[in-house]
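The values are calculated or read from the model by the stated rules, or taken from the named source; none is laboratory data. Values in this document were obtained by computation on a predicted structure and should not be read as measured data. As a convention, Cβ positions derive from the backbone with ideal geometry for all residues, glycine included, and neighbour counts pool all protein chains shown.
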Amino acid sequence: MAADHAQPSLVPALGRWDITALVVNTVIGGGIFGLPMIITGLLGSASPIGYIIAALGIGVIVLCFAEVSAQFRSAGGPYLYARQAFGPFIGLQVGWITWLMRVSAAGASANLFVLYLGAIWAPARSPEMRWIIITALFALLAVINIRGVQQGANASNLLTAAKLLPLLIFIAVGIFFLRPATFASWPPAGHGHWLRAVLLLIFAFGGFDNAMFPASEMRDARRDAPFALLMGMGIVTVIYLLIQVVFQGTVPSGTVTDRPLATAAQHFLGAPGGWLLAIGAMVSVWGWFAATMLGTPRLTFALGERGDFPRFFSAVHRRFRTPWVSIFFYAGLGWVLALSGNFEWNASLSAVARLLTYGVTCGAVPVFRRRDPAAKVFRVPAGYLIPTLGMAFCLVLLTQMGRLEFIILAATIFLATLTWLWSRRRHTTH
């Protein structure tokens with residue numbers, strides 16, 4: 001594969017632990033604060049096994065990302081991998097699907113932040129205060145990220161630590177209150193619930209690809225990207241599994257709650273435990289927000305840089321050397337979607353986007369190996385078995401998508417095709 005030179009106008013400031021924190025931050029969002037109850041309802045006492053199965057499945061995909069990401073020094077992540085492996089048309093499909101999913105997810109997460117805040121501060125529920133909070137949330141993180149990639153990374157790192165603290169306290173204290181009888185009180189897994197549970201968990205484990213977008217600003221992407229992916233997802237897996245075990249071992253069967261971690265914390269920490277986890281959920285959503293604000297604008301920057309989006313998306317701030325137009329555009333569109341409040345379709349788009357993006361990246365592994373078999377980068381073990389398993393895993397899950405998901409997918413592919421035709425015409429006339 002031809003050498004992929006770094007964009008000289010961006011600052012390579014991200015070290016391996018910055019990227020690792022970004023991986024953890026983009027995967028652990030608000031979902032884990034509600035997921036244990038849902039998974040326990042589907043799998044009962046076998047829920048931890050569901051986490052292990054999902055972790056193994058996502059681990060195969062992460063290994064493929066680790067090999068492919070090590071070969072790139074430019075921004076773009078999965079969009080760039082697909083473009084280089086399969087051409088501009090497939091690259092644009094992946095870029096559009098990923099970008100739309102990220103923008104809508106940001107809008108949904110902003111509303112989730114307001115929801116959590118409203119649970120501990122009632123005025124946040126008013127329409128006027130909701131508008132102020134959402135505006136401040138987008139504006140603050142946009143300014144931080146425009147003023148420098150290191151500032152954006154520092155904000156992400158700080159919020160990663162802040163979101164992990166209540167979760168680690170929950171695990172460290174809760175593990176001493178585990179009761180085998182409580183754990184065993186949950187019924188066995190329901191018939192036919194395994195696939196649905198694994199699907200939910202795969203989506204909960206997703207988002208790590210966001211950390212690969214700012215490759216131009218990594219100090220050593222060849223070494224640090226694989227390290228961050230494997231280390232970050234290892235940390236996430238351990239935290240998820242322990243959270244599930246603590247929940248099931250401290251909350252008896254028959255409990256119904258939409259705040260499972262707060263409910264469990266109240267069992268062994270009292271009312272302060274419930275408050276700790278409520279605040280932790282809010283910080284976790286904000287942390288996810290900070291991470292995606294750092295990563296996702298680099299996608300549209302890469303699209304503009306290669307002429308697949310209007311060129312102004314690749315503009316770099318003269319003083320701060322950040323892709324300020326892409327950051328501003330991402331924040332602005334996310335702000336509009338957040339205030340509109342209509343995000344029911346986001347989960348469907350997110351599911352399809354992740355499965356397609358992950359499957360295409362797994363498929364890129366053998367392509368890049370054939371082009372440059374001697375490349376000195378991280379290599380996935382077991383030859384072509386791992387990327388084949390990754391593609392098969394994504395395909396099996398993709399067949400479970402419903403009609404609405406495929407309608408959204410078709411609309412997104414149509415938009416991407418129009419963009420591709422515009423791009424070809426633009427290149428032809430110049």
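Would you point out the residue of region 374-430, among those that are at pLDDT 85 or above and of a type in the set (S, T, N, Q), that is farthest from ALA55 (Cα to Cα)?
Applying the filter and picking the extreme gives THR417.
Please state which one of ALA119, ALA124, ALA142 is modelled with pLDDT of 80 or more, surrounded by fewer than 21 Cβ atoms within 10 Å (Cβ to Cβ) and either part of a helix (DSSP H, G or I) or within 18 Å of the chain's Cα centre (by Cα) (or both). Spell out the reasoning first.
Values: ALA119 fails: modelled with pLDDT of 80 or more; ALA142 fails: surrounded by fewer than 21 Cβ atoms within 10 Å (Cβ to Cβ).
Of the residues listed, the single one that is modelled with pLDDT of 80 or more, surrounded by fewer than 21 Cβ atoms within 10 Å (Cβ to Cβ) and either part of a helix (DSSP H, G or I) or within 18 Å of the chain's Cα centre (by Cα) (or both) is ALA124.
Can you tell me how many residues in region 164-178 are exposed (fewer than 14 other Cβ atoms within 10 Å of the Cβ) and more than 29 Å from the chain's Cα centre (by Cα)?
The qualifying residues number 1.
Looking at region 316-327, I want the residues that are touching a residue at least 60 places away in the same chain (Cβ under 8 Å) and of a type in the set (Phe, Trp, Tyr) and have a partner that is in a loop (DSSP other than H, G, I, E, B) and surrounded by fewer than 24 Cβ atoms within 10 Å (Cβ to Cβ) with Cβ atoms under 6 Å, at least 6 apart or on another chain. Which pairs are those?
From residues that are touching a residue at least 60 places away in the same chain (Cβ under 8 Å) and of a type in the set (Phe, Trp, Tyr), the pairs are PHE320/ARG147; PHE320/GLY148; TRP324/HIS317.
Residue by residue, here is whether (1) surrounded by fewer than 16 Cβ atoms within 10 Å (Cβ to Cβ); (2) part of a helix (DSSP H, G or I) holds:
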| site | (1), (2) |
| --- | --- |
| GLY359 | no, yes |
| PRO373 | yes, no |
| LYS376 | yes, no |
| ALA382 | yes, no |
| GLY390 | no, yes |
| LEU415 | yes, yes |
| THR419 | no, yes |
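Between SER109, SER104, SER74, SER69, which is touching a His at 6+ places or on another chain (Cβ under 9 Å), under 18 Å from THR296 (Cβ atoms) and of a type outside the set (Lys, Arg)? Don't jump to the end; show me each part of the working.
Numbers: SER109 fails: touching a His at 6+ places or on another chain (Cβ under 9 Å); SER104 fails: touching a His at 6+ places or on another chain (Cβ under 9 Å); SER69 fails: touching a His at 6+ places or on another chain (Cβ under 9 Å).
From the options SER109, SER104, SER74, SER69, the qualifying one is SER74.
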